[in-house]
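The values are calculated or read from the model by the stated rules, or taken from the named source; none is laboratory data. In this text the structure is predicted, and so the values were computed from the model without any measurement. No Cβ is skipped: glycine too gets one built from the backbone with ideal geometry, and neighbour counts run over all protein chains shown.
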Amino acid sequence: MSGFTFSEKQEKEITGILSKYPFKKSAMLPLLTLVQRAERAISPEAMVAISEKLDCSPAYVQSVMSFYTMYHAEKVGKYMILFCINISCQLNGCDKLLEHTAKKLNIKVGETTSDEKFTLHREECLADCTNAPMMRINDTYYGDLTEQRIDQILDSLD
Amino acid sequence: MTQILFKNINMKDLHTMKVYEEQGGYQALKKAFAQKPEEIVEAVKASGLRGRGGAGFPTGLKWSFLAKDVFPRYLCCNADESEPGTCKDRELMLKNPHSLIEGMILCSYACRVEIGYIYMRGEFHDLIFNMGKAIEDAYAKGYLGKNIQGTGFNLDIYTHLGAGAYICGEESALLNSLEGERGEPRMKPPFPAVEGLYAKPTVINNVETLCVIPYIVNEGAEKYASMGTEKSKGTKLVSVSGHVKKPGNYEVVLGTPIREIIYDLAGGIRDDNNLKAFIPGGSSVPMLPADQVDVLYDYESLAAAGTMLGSGAMIVIDDTVNIVESTLRLISFYMHESCGKCTPCREGTRWLYQIVEKIMQNKGQLDYIEKMEDICDNMNMKAFCPLADACVSPVVSSIKYFRSDYEAYFKNTPVGSV
């Protein structure tokens, strides 16, 4: 019994996901991702629902969930900003740009704005090093960042 | 300049089935299906192709290690591309997804695999539609599915997303992750070729490696082997980033001088500064100082210079940089990404971080460098997977070549800053 239920559309998606694997448990990350993207967080209740789909214990789901950085126990903002701070971006001045972004959003790195619009995270290499400095907002990569470009990008998001 | 992978990379709509086929795409299947699977394995062996993900293991040999007569077998394409500095696989999947699918079909035919997964890092969610569409089109054309081109050979390919863990690029951690577990590396042996995904024989190859296979089947192993050096055959994609005027992914024939890569292809150092150091194969390999810029870019020459070709990420650092700062950033990365399973890695990365941080706060003591070397000695080759070794690389090499950058802190006069 869990207080979380998948929507009809999600149930269909889950059937499709499960058909890709000979063993159910392989659908663990896809299901966690499905919930994270829909709810912007993975609640204990959702983990119970996932465990029922995969025929494993909720504790097991949690042990996997807590291992991966893209899953969040606490709700993240509508726009998840992952700001790359690894070496190629560091060499291209990402530290100052990250500071600028945090200041613009009036939050500390790791926090979410009070209107739940933006979450700002420091991120390790995102594999777009030739466009450094770069960040990823939700599914979109933004490279060759400058303070002006960051302002423009953030201002353009509803 | 010889181009195999990047020959048409910027051609409009290359990612579509139509344009890919017009460029000769999927022609290798006909050639392959006229041969026995073993002949393809032999051709890949003869081509001298080595794994482009980092370890550089001979690809054909890897395929030939699959446990005999054990089925089903699996193919996992490692598209977890997370090695700092590396962004070539992203470009390949974005612009030429069909070359990867064709390579996977050829590999699967050669290795008698019927299910292939493309394990992509979670952050590549934007590519899933791209790759997914290409896979869908390949099914529609009968290049995937049941009884492909009337040969009786079946193959399904699926994409699978990770969720933010560098360690999942390590092949056994990738398998655990794909099985729905925490991405912790497995003890080897058994190697994946014997007991891999779901404890069945499994081939794991990097995106770039698989994208080369159609060329080898089309043009022949000899032609591929005619490029490069005696032991490093063919071409390699190099992601040049950092302080260069024209950062980008470039395809070079193995054995090209590093000077050419940095100064000709990537346009030289920004602001016409001087080169201070470069990391030739992604952050996990030892850095080299500027005076080694004439080393040739191939597996053996880089090994002789005390480093590795790795994933082919050339990180270029100019003389405004304090190497201690860059090294701390890399240690921080490995500390964050250590899965925590093995003590030398889990604790060692943290100790190194604490020491270098103290040095940078001018609280270091003269024996700190010795302590760092001692910790590195106790980490290197002492964990299940090479993550600990990877953290040791920048530390030991930065001390070896840029000791004065560390010592400046003890004298209270740090050099440069990013």
Requested in this report: Return a yes/no flag: does the range B:253-274 have any residue that is within 14 Å of chain A (Cβ to nearest Cβ), among the polar types (S, T, N, Q) and surrounded by fewer than 18 Cβ atoms within 10 Å (Cβ to Cβ).
Outcome: yes
**Report entry** In the range A:71-91, the residues that are among the hydroxyl-bearing types (Ser, Thr, Tyr) and assigned to a loop (DSSP other than H, G, I, E, B)
**Finding:** A:TYR71
**Report entry** Which listed residue, of B:PRO344, B:PRO394, B:PRO386, is more than 23 Å from B:ALA303 (Cα to Cα) and in contact (Cβ under 8 Å) with a residue 40 or more places away in the chain
**Finding:** B:PRO344
Report summary line: Apart from one, (1) assigned to a loop (DSSP other than H, G, I, E, B); (2) farther than 20 Å from B:ILE101 by Cα; (3) touching a residue at least 24 places away in the same chain (Cβ under 8 Å) all hold for B:GLY180; the odd one out is (3)
**Report entry** First in the range B:318-337 and more than 22 Å from B:LEU387 (Cβ to Cβ), second anywhere and of a type in the set (Phe, Trp, Tyr), Cβ under 9 Å, 6 or more apart
**Finding:** B:ASN322/B:PHE402
Query raised in the report: Given the structure, is B:GLU370 charged (D, E, K, R), within 15 Å of B:MET335 (Cα to Cα) and without any contact (Cβ under 8 Å) to a residue 60 or more places away in the chain?
Result: no
**Report entry** Residue list for the range B:82-99, restricted to those being in a helix (DSSP H, G or I) and either more than 7 Å from every other protein chain (Cβ to nearest Cβ) or touching a residue at least 40 places away in the same chain (Cβ under 8 Å) (or both)
**Finding:** B:LYS88, B:ASP89, B:GLU91, B:LEU92, B:MET93, B:LEU94, B:LYS95, B:PRO97, B:HIS98, B:SER99
Query raised in the report: Which ones in the range A:25-45 are assigned to a helix (DSSP H, G or I) and over 23 Å from B:ARG121 (Cβ atoms)?
Result: A:PRO44, A:GLU45
Query - Counted residues, the range A:92-104 - those being buried (at least 18 other Cβ atoms within 10 Å of the Cβ) and in a loop (DSSP other than H, G, I, E, B) - result: 1
Query - Complete set of residues in the range B:105-115 that are surrounded by fewer than 23 Cβ atoms within 10 Å (Cβ to Cβ) and within 14 Å of chain A (Cβ to nearest Cβ) - result: B:GLU114, B:ILE115
Query raised in the report: In this structure, is A:LEU126 touching a residue at least 12 places away in the same chain (Cβ under 8 Å) and outside any helix (DSSP H, G or I)?
Result: yes
Report summary line: Selection over the range A:50-70 where residues are surrounded by fewer than 22 Cβ atoms within 10 Å (Cβ to Cβ) and either more than 14 Å from the chain's Cα centre (by Cα) or assigned to a helix (DSSP H, G or I) (or both) yields a count of 12
Query raised in the report: What is the residue count in the range B:318-337 for residues that are surrounded by 24 or more Cβ atoms within 10 Å (Cβ to Cβ) and part of a strand (DSSP E or B)?
Result: 0
Query - Residue identified as more than 14 Å from chain A (Cβ to nearest Cβ), touching a residue at least 24 places away in the same chain (Cβ under 8 Å) and either assigned to a loop (DSSP other than H, G, I, E, B) or surrounded by 24 or more Cβ atoms within 10 Å (Cβ to Cβ) (or both) among B:GLU102, B:GLU123 - result: B:GLU102
Query raised in the report: Regarding B:ILE315, is this residue within 19 Å of the chain's Cα centre (by Cα) and β-branched (Val, Ile, Thr)?
Result: yes
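Out of the range B:146-175, which residues are under 20 Å from the mean Cα position of the chain (by Cα) and either more than 10 Å from chain A (Cβ to nearest Cβ) or hydroxyl-bearing (Ser, Thr, Tyr) (or both)?
Step one: filter the range B:146-175 for residues under 20 Å from the mean Cα position of the chain (by Cα), giving B:159-175.
Across the range B:146-175, the qualifying residues are B:THR159, B:TYR166, B:GLY169, B:GLU170, B:GLU171, B:SER172, B:ALA173, B:LEU174, B:LEU175.
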**Report entry** Answer from B:LEU61, B:LEU5 - the residue that is within 17 Å of B:GLY234 (Cβ to Cβ), hydrophobic (A, V, I, L, M, F, W, C) and not assigned by TED's automatic domain parsing to the domain that holds B:ASP126
**Finding:** B:LEU5
Query raised in the report: What number of residues within the range B:367-401 satisfy the criterion of being under 18 Å from B:GLY54 (Cα atoms) and assigned to a helix (DSSP H, G or I)?
Result: 8
Report summary line: B:GLY340 meets each of (1) surrounded by fewer than 21 Cβ atoms within 10 Å (Cβ to Cβ); (2) at pLDDT 95 or above; (3) at positive phi with one exception, condition (2)
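Give me the helices (runs of 4 or more DSSP H) completely within the range B:1-78, filtered to those with at least 1 residues that are free of Cβ contacts under 8 Å to residues at least 40 places away in the same chain, ordered by residue number.
On the way: elements: B:17-22, B:27-33, B:37-47, B:59-64.
Helices (runs of 4 or more DSSP H) meeting the threshold: B:17-22, B:37-47, B:59-64.
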Report task. Take the range A:103-158 and flag every residue that is aliphatic (A, V, I, L, M) and either more than 9 Å from chain B (Cβ to nearest Cβ) or touching a Gly at 6+ places or on another chain (Cβ under 6 Å) (or both). Result -> A:LEU105, A:ILE107, A:VAL109, A:LEU120, A:MET134, A:MET135, A:ILE137, A:LEU145, A:ILE150, A:ILE153, A:LEU154, A:LEU157
Query raised in the report: Within the bounds of the range B:196-209, is there any residue that is crowded, with 19+ Cβ neighbours inside 10 Å, small (Gly, Ala, Ser), within 14 Å of chain A (Cβ to nearest Cβ) and under 22 Å from B:LEU106 (Cα atoms)?
Result: yes
Requested in this report: Kindly establish whether B:ILE128 is buried (at least 22 other Cβ atoms within 10 Å of the Cβ), within 17 Å of B:MET17 (Cα to Cα) and within 14 Å of chain A (Cβ to nearest Cβ).
Outcome: no
Query raised in the report: B:VAL194 versus (1) touching a residue at least 40 places away in the same chain (Cβ under 8 Å); (2) more than 21 Å from B:PRO97 (Cα to Cα); (3) over 21 Å from the mean Cα position of the chain (by Cα); (4) not in a loop (DSSP other than H, G, I, E, B): which is the lone unmet condition?
Result: (4)
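Rundown of residues vs (1) within 17 Å of B:CYS339 (Cα to Cα); (2) free of Cβ contacts under 8 Å to residues at least 24 places away in the same chain; (3) more than 9 Å from chain B (Cβ to nearest Cβ), yes/no style:
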site: A:ARG37; (1), (2), (3): no, yes, no
site: A:GLU45; (1), (2), (3): no, no, yes
site: A:LEU54; (1), (2), (3): no, no, no
site: A:PRO58; (1), (2), (3): no, yes, yes
site: A:VAL64; (1), (2), (3): yes, no, no
site: A:MET70; (1), (2), (3): yes, no, no
site: A:GLU74; (1), (2), (3): no, no, yes
site: A:GLY77; (1), (2), (3): no, no, yes
